[in-house]
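The values are calculated or read from the model by the stated rules, or taken from the named source; none is laboratory data. Model, not experiment: these values are computed from the prediction. Neighbour counts run over all protein chains shown; Cβ positions are idealised from the backbone, glycine included.
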Amino acid sequence: MPNNTEKNIKFSEKYLKTTWLTDVRNYYIEKWTIVVNLGNQKAHISAPPEKYLLPRTSTILKDVTIKDGDSLLLIEIFNETNIGGIVLESGWDILGNLMEFPKEVPLWKSTQYDLGIAKFDPYFVTGQSDKPKDSNLKKYQVKVNLWFAPAKTNCAIHNKHMEPDFLEVHTQIYGTGRMQKFHANNFDTIYEDVIMSPGDTHIPFASVGENGNFVYPWHQYYSDTDCIWMANEFHPLP
């Protein structure tokens, strides 16, 4: 199998260069790039003392080599001028045109892409066990898409996405936003506020319920500035 296989992910032609990189071996990152580990392995960064990027985490790198890894997404912002125009590009639409959702909420979604299969223990990933167990390992289809919202947008409190639900984490691409938790479907009940700056990926909000499916608290994304962020979804496979 060849090393450093690159696939162009067409979130944007005018503002972002996005590359899905698999079978990584000594891959050089030249310019500032958000690197998201969507795979099963640590991605070692070749700079002394050598450190690594864990699965379902991210960072921003430049002028450094990634020694190894199985599935990484690389996002480089090469043009910030009028970056809100990303929603006018092919594959983007306001969410209210795609599903039952208030059209007065200015929330836009890109095309979604399937980026391989991940395998992990959901109890370990959600913090419900201290060590992964082979008996709990499950396979998940990895899906990613971008979101855009202008400054000061409440992107809707919710506690379910589909049935059975998937595991999601979000990576901040541009601007500053927040992932927020609530006691109820009411903005006055907020109890946790996770600041999201470019390159940040939050820890999973989900837990594994009694039926083995993912369950969520009431939560939402809020944009302090004009924001682009990425949803990283892990859909359970039979």
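Cys227 versus (1) touching a residue at least 40 places away in the same chain (Cβ under 8 Å); (2) more than 16 Å from Ala149 (Cβ to Cβ); (3) not hydroxyl-bearing (Ser, Thr, Tyr): which is the lone unmet condition?
(2)
How many of the residues in the stretch 52-97 are among the hydroxyl-bearing types (Ser, Thr, Tyr) and touching a Lys or Arg at 6+ places or on another chain (Cβ under 9 Å)?
Looking only at that region, the number is 2.
Check Gln128 against each of (1) touching a residue at least 60 places away in the same chain (Cβ under 8 Å); (2) buried (at least 18 other Cβ atoms within 10 Å of the Cβ); (3) not aromatic (Phe, Trp, Tyr) and name the one condition it does not meet.
Evaluating Gln128 over (1) touching a residue at least 60 places away in the same chain (Cβ under 8 Å); (2) buried (at least 18 other Cβ atoms within 10 Å of the Cβ); (3) not aromatic (Phe, Trp, Tyr) leaves (2) as the failure.
Would you check which residues across the stretch 1-40 are charged (D, E, K, R), free of Cβ contacts under 8 Å to residues at least 40 places away in the same chain and assigned to a loop (DSSP other than H, G, I, E, B) and list them?
Scanning the stretch 1-40 gives a single hit, Glu30.
Answer with yes or no whether Tyr221 is touching a Cys at 6+ places or on another chain (Cβ under 9 Å), touching a residue at least 24 places away in the same chain (Cβ under 8 Å) and within 28 Å of Thr18 (Cβ to Cβ).
yes
For the stretch 97-134, which residues satisfy the criterion of being in a strand (DSSP E or B) and farther than 19 Å from Asp70 by Cα?
Trp108, Lys109
From the list Ile75, Ile86, Ile66, Ile45, pick out the single residue that is within 24 Å of Leu167 (Cα to Cα) and touching a Ser or Thr at 6+ places or on another chain (Cβ under 8 Å).
Unique residue meeting the criteria: Ile75.
Look through Leu21, Leu73 and report the one residue that is under 21 Å from Gly175 (Cβ atoms) and not assigned by TED's automatic domain parsing to the domain that holds Met196.
From the options Leu21, Leu73, the qualifying one is Leu73.
Across the stretch 85-96, what is the total count of residues that are outside any loop (DSSP other than H, G, I, E, B), surrounded by 15 or more Cβ atoms within 10 Å (Cβ to Cβ) and in contact with a strand residue (DSSP E or B) (Cβ under 9 Å, 6 or more places away or on another chain)?
4
Within the stretch 41-71, restricting attention to residues that are part of a strand (DSSP E or B) and in contact (Cβ under 8 Å) with a residue 60 or more places away in the chain, which residue is surrounded by the fewest Cβ atoms within 10 Å (Cβ to Cβ)?
Within the stretch 41-71, the match that is surrounded by the fewest Cβ atoms within 10 Å (Cβ to Cβ) is Ile60.
Say we look at the stretch 131-160 and pick out the residues that are in contact with a Phe, Trp or Tyr (Cβ under 8 Å, 6 or more places away or on another chain) and without any contact (Cβ under 8 Å) to a residue 60 or more places away in the chain; which of these is nearest to Phe187 (Cα to Cα)?
The selected residue is Lys160.
Find the residue count for the stretch 92-120, including only residues that are within 16 Å of the chain's Cα centre (by Cα) and under 18 Å from Ser223 (Cα atoms).
3
Scan the stretch 139-162 and give yes if some residue there is assigned by TED's automatic domain parsing to the domain that holds Ile29, buried (at least 18 other Cβ atoms within 10 Å of the Cβ), part of a strand (DSSP E or B) and among the hydroxyl-bearing types (Ser, Thr, Tyr), otherwise no.
no
Tally the residues that are surrounded by 15 or more Cβ atoms within 10 Å (Cβ to Cβ), within 16 Å of Glu168 (Cα to Cα) and of a type in the set (Val, Ile, Thr), restricting the search to the stretch 186-227.
4
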